[in-house]
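J.: Dropping the structure in here first, questions after.
Please treat every number below as a calculation from the coordinates, not as lab data. The model shown is predicted, which means the values in this text are computed figures rather than measured ones. Cβ sites come from the backbone with ideal geometry, for glycine too, and all protein chains shown count toward neighbours.
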Amino acid sequence: MSTVTTTAPTFPTQRTYDRSTGELTIAVDAFPASIDDATVAVGSSRLRIRIEHDGRVYDRTETPPRSDRAFTTDGKAVYNNGVLTVTVATTRRSR
């Protein structure tokens with residue numbers, strides 16, 4: 001039986017919001033974890049990044065950058081040289 005320990009964020013993370021394109025980008029220095037260790041899930045109000053590596057868990061949940069914005073299904077996640085970059089578009093929330 002394996003034990004998974006949840007820890008505070010251990011991977012350096014940067015969050016950037018580009019107002020001109022309406023995109024939120026999260027970059028995580030995930031090394032030494034591999035792409036197989038990472039899970040990304042996006043809903044209209046939450047973006048979740050989870051990395052499980054060597055019995056440790058990095059679990060981060062992001063919300064849209066402004067309260068009047070929602071995430072869309074337009075986005076991508078790329079893992080390159082130990083960096084996981086997740087970009088998700090936002091749109092104005094319908095009232």
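J.: Checking the a/c ratio against 1.5 first, then a/b against b/c, what shape does the Cα gyration tensor give for the chain?
T.: Details: a/c = 2.50, a/b = 1.88, b/c = 1.33.
It is prolate, given that a/c is not under 1.5 and a/b is the larger ratio.
J.: Placing +1 on the Cβ of each Lys and Arg and -1 on the Cβ of each Asp and Glu in the stretch 5-92, which of His53, Thr63, Pro12 has its Cα farthest towards the positive end of the resulting dipole?
T.: Thr63
J.: Once fully extended, how much extra length lies between Asp59 and Ser34, figured as 0.36 nm per residue of separation less the alpha-carbon to alpha-carbon distance?
T.: Result for the pair: 7.5 nm of gain on full extension.
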